[in-house]
Structure formats: C-alpha cells, structure tokens
Amino acid sequence: MKLFSPVLALSLFAAPLCAQDVLIVTVDATGCSLSNVKSTLDATGLLGTVDTFDGGFATPSLATLQNYDAVLVFSDSGGFLSAVDMGNVLADYIDGGGGVVDGVFSAHPSLPIQGRWETGGYALVTATGQTQFAQEFLGPVLDPGHPVMQGVTSFDGGSASFQYLNPVVTPAGTLIAQWSDGVTPLVVAGNNGQQVSLGFFPPNSNCGSSFWNASTDGALLMVNALQAVSKMQLVGTTFVAGQAASLTVSGSTAFGATGIAFSVVGGGPTSTPFGVADLSAPINVLTVLTADLSGDAVFNFVVPAGASGGQIWLQALDLTTGRFSNGLFRPIS
C-alpha cells in the first residue's frame, strides 16, 4: 500500500525527545512510597520527568496536575488530607484531557478517593476493604492486546499481595487482567482510555520486603498504564479497497501538527526518540494534520483499489508534545 515518503517518517520520528511527564500522588505512610515508586519508574528510562506530591499534607491544584501528561495516585494509612478535594481535582483533570492511573488503596472505603471521582462515575473499581498475606501472581489476561499488558509476562505480589476485598468493576471500567485467583481485578481500563486502575500497591520489595517483587513486571505495568492514559486516541473506519475511509485523532495539541504514520509490516515495537512506537520498520507517513481547538483532527481518504487483502498498522504522533496515540490495526477487504 504505497502512500507517502519514508524520509518524512524518519524526520517525524527523529525529532527531539519529549516523553510523558508524570506526577505521583500518594500518602507516604511507609516513608519510602514516593521515593521508591519514583526511582522504580525512573529506572525504566521510558518516561520523562517523574515528580512526587504527598497528598497527606495538601491537595494538588488543577494547575499543578496540568503540568503533567499523567498522574499516578494511590492512598495509604491516614488517607488524603481531603479525599473529597482529591477526587474533585482528579475529575477536573480528566475532564481537561489528563490521564489518571490509580492503585490500591484508592477504592478502600477508609482510604478512598471521594468527591466527583465517586459521584461522577470516574471510579473504575469499588471495594469493601482489603485483603493481604495470601501471595498472588499474574493471572488470566482477558485482553492481551491491551497497551497496559504489552511486554508483561510476570507479576509477583509478594507475601503481602495487597488486594481489594469484594472488588466490583464499575460500568465505567473494562476488566483487562486478573490476579492468579482468577477473580480479583489486577488491571481495569476505562473512560475512553484516560484511566487505568491497577489492583496492586505500587511500592515494591525495595520499600517493604512483603511488597510486590521488584524483579517482576510491576514497573512495566505502571509505565504502560501511564503511557496508555496519556496517549492520544486514534480511531478509524473499516478499510475497503477503492472506498472512502477516515481516521480520527483526539487529544492532540490544539492547533498543533499531528502526524499519522503507518507500517505494512507489523505493529512494532520500534524504539524512537519519543519512546516505543507500535509500528514495525519501515515506517512511512500517511499524513500530517492540524488539530482543531479541541485537539481533534480528521483525515478522509480513499483506500487504494489494489490494496485488497493487505493489512496496515497506524499510529499518530503529536508533533508539539511528542505523545503517541494508541496503535491501530486495520485489515483491508
């Protein structure tokens, strides 16, 4: 399927690095939660700036959150200074296009995120309490193609294996993976890709010996989740040879340039200065669009008549911020 120059693709994917910037918000009851999770994420080399905020002493403002592509939030003993204010500002941040990943114990009834997070339908999981000290591992993966699960092959919750008691996935969430008990949610996604709920406590065994085993893929789960919620969204119609089709990008920079690249070889991964692309080399550019005031852009085109029986992998890139969209696969009928 011949479209546009690979030279443009090389320039598009070789621009200066602008990786996702992340804020960790928690109640640092362990004394090492913030530093441990930050060092764990930093060590992957897959994110940009990783900052921390202790929600036991203050509530971050919306302006603070908007400095970041995604927020990782979880609670602990004592709870947030204001669970209501925390829930309100997180809901405001999501409404403005931000991405949120929450972890245990954010749905614990004694340590919750409240406010509009609860009343506005943002919570992906509810629970009646917590369970622990029954060691669990990565269990059934219901959606192995989901971005959060890419490259994840093992997860050991440690001897504590903190989990929710009687967890329920809300109508806003979709169950992606479970713990090894085959019941308890480990990964839940929702809100059009802007949220992920991780059913484990983010600090690892370098912070507490009973916490999740740092030699397994907990760091990758967190990084994948943070990258997934901070990505733009790329959706498209079906591709039929000789017929009109369209691709729609949402969540890009208002009035900014957005490129859509493609591969006819596979869905990656390919390392680029922006991070890992969900495209296999050679990568070509389909088009470069200008987003509207809402950060949306639409590309209408006709699928080449001779492309029947082929297949194509696509991904968008915000040329202002360096953010990738989700990868999109389309067979051509």
Among PHE255, PHE299, the single one that is not in a loop (DSSP other than H, G, I, E, B) and not polar (S, T, N, Q) is PHE299
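Would you point out which residue out of LEU234, LEU226 is under 18 Å from the mean Cα position of the chain (by Cα), assigned to a strand (DSSP E or B) and surrounded by 17 or more Cβ atoms within 10 Å (Cβ to Cβ)?
Numbers: LEU226 fails: assigned to a strand (DSSP E or B).
None of the others qualify; the one that does is LEU234.
Listed here are the residues, each with its yes/no results for (1) in contact (Cβ under 8 Å) with a residue 60 or more places away in the chain; (2) among the β-branched types (Val, Ile, Thr); (3) closer than 30 Å to ALA29 by Cβ; (4) outside the structural domain of LEU72 (by TED's automatic domain parsing).
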residue: GLN163; (1), (2), (3), (4): no, no, yes, no
residue: LEU175; (1), (2), (3), (4): no, no, yes, no
residue: SER180; (1), (2), (3), (4): no, no, yes, no
residue: VAL183; (1), (2), (3), (4): no, yes, yes, no
residue: GLN194; (1), (2), (3), (4): yes, no, yes, no
residue: PHE200; (1), (2), (3), (4): yes, no, yes, no
residue: VAL240; (1), (2), (3), (4): yes, yes, no, yes
residue: ALA244; (1), (2), (3), (4): no, no, no, yes
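Working only within segment 202-223, note down all residues that are at pLDDT 95 or above and either in a helix (DSSP H, G or I) or outside the structural domain of LEU138 (by TED's automatic domain parsing) (or both).
The answer is GLY218, ALA219, LEU220, LEU221, MET222.
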So, first residue farther than 12 Å from VAL285 by Cβ and touching a residue at least 40 places away in the same chain (Cβ under 8 Å) in segment 248-268, second residue among the aromatic types (Phe, Trp, Tyr) and in a loop (DSSP other than H, G, I, E, B), Cβ within less than 7 Å, six or more apart or across chains; the pairs are none
Within segment 188-201, residues being of a type outside the set (Val, Ile, Thr), in a strand (DSSP E or B) and over 8 Å from the mean Cα position of the chain (by Cα) number 4
Checked segment 36-90 for anything under 17 Å from the mean Cα position of the chain (by Cα), crowded, with 20+ Cβ neighbours inside 10 Å and farther than 24 Å from GLY129 by Cβ; matches are THR40, LEU41, LEU47, VAL50, LEU65, TYR68, ASP69, ALA70, VAL71
Cβ pairs under 6 Å, 6+ apart or interchain, first in segment 51-73 and farther than 19 Å from LEU198 by Cβ, second in a loop (DSSP other than H, G, I, E, B) and not hydrophobic (A, V, I, L, M, F, W, C), ordered by first then second residue, are ASP54/ASP28; GLY56/GLY78; THR59/SER82
Log entry, pairs with first residue in segment 304-329 being more than 30 Å from PHE255 (Cα to Cα), second being modelled with pLDDT under 90 and not β-branched (Val, Ile, Thr), beta carbons closer than 8 Å, six or more apart or on different chains, reads ALA307/MET1; GLY310/MET1
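The values are calculated or read from the model by the stated rules, or taken from the named source; none is laboratory data. Note that this is a predicted model, so its numbers are computed, not measured. Neighbour counts are summed over all protein chains in view; Cβ atoms, including those assigned to glycine, are modelled from backbone coordinates with ideal geometry.
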